[in-house]
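The values are calculated or read from the model by the stated rules, or taken from the named source; none is laboratory data. Not measured: the values here are computed from a predicted model. Heads up, the Cβs are rebuilt from the backbone with ideal geometry, glycines too, and the neighbour counts pull from every protein chain shown.
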Amino acid sequence: MKLEVFVPFVTYPESNSDAFAAHAASLAAQIDARLHAVAINADIPDVSNTLSKWLLDTPALIQQAESASRQRGQHLLALLKKEADDEGVEITTATVAAPIAMLGDVAASRARYFDLSFVGWEASNATSRMTAEAVIFGSGRPTVLLPELSDIVTLDHVAIAWDGSRVAARAVADAGFLLRRVSRISVITVLDEKPLAEKDAGERLATALRERGLNAESVSVKAQDCPIAETLQQTAIEKGAGLLVMGGYGHSRIRDFVLGGATEGVLNDLSMPVLLSH
């Protein structure tokens, strides 16, 4: 049975990059997934008054913005379909219009019907950041963040960020489809970021994975003065992993997300593909 993967494209006010389409198709081919892509276009209400209509022609500006959003969405869907066809990946596409404030909610609600989501990440792109947060914390499904400037390598080595917590355990369970496919797993535990309930937590998980027939090793590191997200990603990259699995720590507070340190660090500066599960 193929994995069913949801791919939301944001188009306004900041659009996903073309690279996201290529990365999504490449990863889907490696995990034998079927893609379901949706371009979420802007639906901008006309709240102008008589003066603004006369001075700025607000309705025309709104029409231009919505048209640009639709065109960008069509471009991204067509590009993904081409990339998917080249990779031999099955794909369906659709479009939906939503108010700008609801883009993330629309993506999260649609993501609930699939096994996982691929979400594009571009530096300084607030729209993709908002969408990523909404899908991670609102979909109830695992989310793979795909950075614009990081190519998808052959996925035969996966790293796990492990601290023995419930959220980390949920992430490992949600990544089971990946762990069973790869030839090597590195369990990374940062020793000096926060108190750990179990000193040997990393080795215990590695042992549990080996008992399931998986090739897993425990890697203990110290962050020292380095941010936790940078430590985790850099260690995973140095070990040769093509993807990092980690729990998404955070909760919503009146539409503002309160994030854990590692989660916020990854969302601020993504160096590699990361699977986040909340």
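With the structure loaded, tell me whether Thr58 is in contact with a Leu (Cβ under 9 Å, 6 or more places away or on another chain) and either over 27 Å from Gly138 (Cα atoms) or modelled with pLDDT of 90 or more (or both) or whether it fails that test. Taking the combined requirement at face value, the residue does not satisfy it. Would you mind stating whether Val172 is within 13 Å of the chain's Cα centre (by Cα) and closer than 27 Å to Arg212 by Cα? No: the conditions fail for Val172.
When residues of the range 4-17 are filtered for being more than 16 Å from the chain's Cα centre (by Cα) and surrounded by fewer than 20 Cβ atoms within 10 Å (Cβ to Cβ), how many remain? Before you say what the answer is, go through the steps one by one.
Applying the first criterion (more than 16 Å from the chain's Cα centre (by Cα)) to the range 4-17 yields 11-14.
Checking which are surrounded by fewer than 20 Cβ atoms within 10 Å (Cβ to Cβ) leaves us with 13-14.
The total comes to 2.
Quick check: anything in the range 90-98 assigned to a helix (DSSP H, G or I) and in contact with a helix residue (DSSP H, G or I) (Cβ under 9 Å, 6 or more places away or on another chain)? For the range 90-98, residues assigned to a helix (DSSP H, G or I) and in contact with a helix residue (DSSP H, G or I) (Cβ under 9 Å, 6 or more places away or on another chain): absent. Test Ala60 against the criterion of being part of a helix (DSSP H, G or I), of a type in the set (A, V, I, L, M, F, W, C) and surrounded by fewer than 15 Cβ atoms within 10 Å (Cβ to Cβ), and give yes or no. Here the answer is yes, as Ala60 does meet what is asked.
Only residues that are charged (D, E, K, R) and closer than 16 Å to Lys239 by Cβ: list them for the range 128-187, please. Quick ask: steps written out before the conclusion?
Taking the range 128-187 as the starting set, the residues that turn out to be charged (D, E, K, R) are 129, 133, 141, 148, 151, 156, 163, 166, 170, 174, 180-181, 184.
Across the range 128-187, the qualifying residues are Asp156, Arg184.
Within the range 156-165, the set of residues being of a type outside the set (A, V, I, L, M, F, W, C) and farther than 17 Å from Glu193 by Cα comprises Asp156, His157.
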